[in-house]
1. To the nearest whole percent, what portion of all C-alpha pairs in the stretch 100-184 is separated by more than 16 angstrom?
2. Between Rg and the Kirkwood Rh of the stretch 138-205, both from Cα atoms, what is the Rg to Rh ratio?
3. Beyond 24 Å, what percent of the Cα pairs of the stretch 44-149 remain?
4. Just the number, please: carbon plus sulfur as a percent of the accessible area of the chain, 1.4 Å probe, no ligands or DNA/RNA counted.
5. Could you provide, to the nearest whole Å², the per residue accessible area of the chain with probe 1.4 Å?
6. Given +1 on the Cβ of Lys and Arg, -1 on the Cβ of Asp and Glu, and no further charges, what dipole in debye does the chain carry about its Cα centre, rounded to the nearest 20?
7. At q = 0.09, 0.12, 0.15, 0.17 Å⁻¹, what log₁₀ I(q)/I(0) does a Debye calculation on the Cα points of the chain give, no solvent, two decimals?
8. Can you tell which of A80, V121, G69 lies farthest toward the positive end of the dipole of the stretch 52-145, using +1 and -1 charges on the Cβ of basic and acidic side chains (Lys, Arg; Asp, Glu)?
Amino acid sequence: MQKKEVRKSLTRQAYEEIKWRIIADELQVGTLLTKNDLCELTGFGKAPIQAALIELQHYRLIEVVPRKGFFIRPWNREEARELIMMRRLIEPILVGESAKKATKEDLEELQRIVAEAKNHVRSANRRLLIESDNEFHVGISRASGSAVGTEVVEMLKLRSHLLWHVTISNQRQLEVVQFQHEKILTRILDRDSEGAACAMLEHLSSLETE
């Protein structure tokens, strides 16, 4: 049992490491990579890397080329528009529920995330900002009490990661996202369900690509 848990833990660590390298644009889109490349890059063995790749493929972050390796899925504007459309349908509902149902612990966690993100904006640390952005949206979904909604938002956020490199490309845009997150949080803290939903919709609409 203990060996299974260690194996699972290593798989989770490998998955998280590769996932964030993809999201932070540290692995080049379209470049063919192998399991050996990732073992060398991350320090993990072949078993956890293989298991991590299966999960990454499930979330469509990578595409496998049989007997050759895999590559990071390229940017697709039509897919991006569809992802934002789905997020616009789901996330305003969840944030509205969060404004009603969030516990004291939920609110403190969201405040922590937004405060840390503010520091990351000042230092222009994009990787940590992307992590905070993911934490914020998923944290709101969790605070809504919807396990299914949280799972869907997690998947949509992962698939939407390239928006960070297209629509949020300079310091001014980082500040705008931070302002929008603070506005959403304020509405949640005020228990303003309708206002929170409107603020989320405004935020997501600003991410749409042309």
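The values are calculated or read from the model by the stated rules, or taken from the named source; none is laboratory data. None of these values were measured; they are calculated from a predicted model. Positions of Cβ are generated from backbone atoms using ideal geometry, with glycine treated the same way; all protein chains shown enter the neighbour counts. SASA here: full protein model, heavy atoms, side chains in, ligands and nucleic acids out. Shrake-Rupley method; radii C 1.70, N 1.55, O 1.52, S 1.80 Å.
1. Tail of P(r) above 16 Å: 52 percent of Cα pairs.
2. For the stretch 138-205, the value is 0.99.
3. 46 percent
4. Using a 1.4 Å probe with all protein chains present, the chain comes out at 52 percent carbon and sulfur.
5. Result: 54 Å² of accessible area for each residue.
6. The dipole magnitude comes to about 720 debye.
7. Rounded to two decimals, the profile gives -0.38, -0.67, -1.00, -1.20.
8. G69
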